[in-house]
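Notes follow the structure.
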Amino acid sequence: MANPFTMAKADGLTGILLINLGTPDSPQTADVRKYLREFLMDWRVIDIAPIPRWMLVNLIIAPTRAPKVAKEYVKLWDDKRGMPLLYHGISVKEKLQARLGGKYVVALGMRYQNPSIEQALNELKAAKVGKIKVLPLFPQYASATTGSAVDKVMEIVRNWQVIPDLEFIQSFHTNPSFIQCFVDLGRKYWEHEEYDHVIFSYHGLPERHLKKMGADYNKCSYPDCKGMCAKGMPENHYCYRSACYETSALIAKELGIPESQYTVCFQSRLGKDPWIQPYTEDVVEELAKQGVKRVLAYSPAFVADCLETTLEVGEEYKEQFEEMGGEHWQLVESLNDMPEWIDTLMDILDVQGEKVAL
């Protein structure tokens, strides 16, 4: 005899929770400072003791960096839609909901600031979903991104009287549809231009983050692994650096780019502690010294354009490259809300069978 509880759940709604990093509510210094404080006070981001972390963030980093960062956010701000990370996220949520139809409820939450993960979870709770698929929109797992998002979800849901089935998708850095999206974006530039070299620039992490992850789960011993993570070891599925190399190799293979013609590197350092290498600015300098003139630049750690892609990779490194004699630097835009990305999300979420016509 069928279990009536199981049947009831099977006929119910499934919630989809999309999570991204977050963005200030506005480019005003006060809002940027508020964002930085919430972001950097996360123990998974700055993993030092609470009191030193509070002092570092609230007395040094937030007060000094907020005015500078606010000027950068002004360049991205859209008076009607706000920050690109947010408006692309809203568009993706709406398009995915339209594709999935009435058996699913799609919610968007930001790990820091608005709309919060708690707001998004409350939407799903109010809809009385029987299951929630949680998808942090970070292709490569890192404790400071995916780990933090999952941690926050569990912190909130553990206080609910009824906890629905939860499914966490920890990474999708080798998903064929995800890889194909970036291949197609890059191919349109290859069809019209010739490039001497391709850069895959990923957001960096302190070296100690990899060491801690290695102690917990992987066989990682970076930086003493003698470059093995650059080969993309499947047994180190949760090694962020290894995952970045895997993503890059898969994109390069589909584009027919030999290993000698691309470089994986890491950007966005903060503080004086050593971060995973090579650093993007060092790679840019070395390529220019070698006489490389034309570079195609990817940033596949992000699924939506933001300060790190549009300004850091698209403008800062471009300026550095051209000042050193480079002739052409082309940023490959992120996935944003392109239709193929919506298809990819359905593949990652394993909900292909629920498509409905727009």
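Largest GNM mean-square fluctuation across Gln170, Gln28, Gln161, computed for the chain with C-alpha springs under 10 Å, falls on Gln161. Once divided by 2.2 N^0.38 Å, the Cα radius of gyration of the chain becomes 1.01. Per-residue 3J(HN,Hα) values for the stretch 123-132, derived from phi via the Karplus relation 6.51 cos²θ - 1.76 cosθ + 1.60 with θ = phi - 60°, read 4, 5, 5, 5, 7, 6, 5, x, 8, 10 Hz in sequence order (x marks Gly and Pro). Taken one residue at a time, the phi angles of the stretch 113-122 give Karplus couplings (6.51, -1.76, 1.60, θ = phi - 60°) of 6, 10, x, 6, 4, 5, 4, 5, 5, 5 Hz. Gly and Pro are set to x. Only alpha carbons enter this Debye calculation for the stretch 139-216, each as an equal point scatterer, and the log10 of I(q)/I(0) it gives at q = 0.16, 0.18, 0.21 Å⁻¹ is -0.85, -0.95, -1.07. According to the Kirkwood relation over distinct C-alpha pairs, the hydrodynamic radius of the stretch 54-100 is 13.0 Å.
Between the listed residues Gln170, Ser299, Trp275, the Cα displaced farthest toward the positive end of the dipole of the chain, a dipole computed from Cβ unit charges relative to the Cα centre, is found at Gln170. For Phe266, the residues whose modelled amide H falls within less than 5 Å of its own, excluding neighbours fewer than 5 places apart on the same chain, are Tyr202, Tyr279, Thr280.
Of the beta bridges in the stretch 176-331, as assigned by DSSP with both residues counted there, near 5 percent are antiparallel.
DSSP assigns beta bridges within the chain; of those with both partners inside it, close to 5 percent run antiparallel.
Positive-end ranking of Val74, Gly101, Ile60 along the dipole of the stretch 53-104, with charges on Cβ about the Cα centre, is headed by Gly101.
Take the alpha-carbon positions of the stretch 118-163, form their convex hull, and give its projected area averaged over all directions (one quarter of the hull surface) in nm².
3.4 nm²
Computed over the chain, the per-residue total of -39500 (n - 2.57) for DSSP H runs of n ≥ 4 gives a 222 nm mean residue ellipticity of -12500 deg cm²/dmol, rounded to 500.
Per the Kirkwood treatment, what hydrodynamic radius in Å, one decimal, follows for the stretch 176-331 from the mean inverse distance over all distinct Cα pairs? Kirkwood hydrodynamic radius for the stretch 176-331: 16.0 Å. Report P(r) for the stretch 264-314: all Cα-Cα distances, bin width 10 Å, range 0 to the bin holding the largest distance, values in whole percent. Result returned by the calculation: 22, 51, 26, 1. Here's how it looks for Leu331: its modeled amide H is under 5 Å from those of Ala297, which are all 5 or more places away or on a different chain.
Taking Lys and Arg as +1 and Asp and Glu as -1, the other residues whose beta-carbon sits under 15 Å from that of Val153 total 0. For the stretch 12-98, a/c is not less than 1.5, where a ≥ b ≥ c are the root eigenvalues of the C-alpha gyration tensor, and a/b does not top b/c. That puts it in the oblate class. Amide H contacts under 5 Å for His197: Arg294, Leu296, restricted to partners 5 or more places along the chain or on a different chain, H placed in the peptide plane at 1.01 Å from N.
Since every read-out is calculated from the coordinates, none of them should be taken as a lab result. Source: prediction; values computed, not measured. Glycine gets a Cβ as well: all are built from the backbone with ideal geometry, and neighbour counts include every protein chain shown.
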